[in-house]
1. Mind ranking D58, D30 by accessible surface for me, highest first, 1.4 Å probe?
2. Find how much the distance from N38 to A71 grows on full extension, using 0.36 nm per residue of separation minus their present alpha carbon separation; answer in nm with one decimal.
3. Report the extension gain between K26 and N46 in nm, rounded to one decimal, defined as 0.36 nm multiplied by the number of residues separating them, less their alpha carbon distance.
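The values are calculated or read from the model by the stated rules, or taken from the named source; none is laboratory data. Nothing here was measured: the structure is a model prediction, and the numbers come from that model. Note: areas computed on protein heavy atoms with side chains; ligands, DNA, RNA excluded. Shrake-Rupley method; radii C 1.70, N 1.55, O 1.52, S 1.80 Å.
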Amino acid sequence: MNRDQLTITKQCAIVWQNVEYLKSLKGATDTDIARAINRSVQTVVNRRSHPRNTTVDDLIKLGKYFKIPPASLLMPLVAAEPPKPEEYIK
């Protein structure tokens, strides 16, 4: 995998991390997401497992569903790992 492919794969993984976070806030299910992007539930599960397959159309529809700009899904909405307690005390 070349550097550009790796970057795209990482960005797509961030999209699906954000989707999981937003789903939890909204109380949405994979079925809700599947309907929103006009795909099957199995496709949603596959996108999460293999994020590289995410399309621009998916991104646009996810943005509409969550009522956020699609581009914001490309940036982490929450930290991948919460800060350690010792990081608070400095």
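1. Largest to smallest exposure gives the sequence D30, D58.
2. 9.9 nm
3. Extra length from K26 to N46 when fully extended: 5.1 nm.
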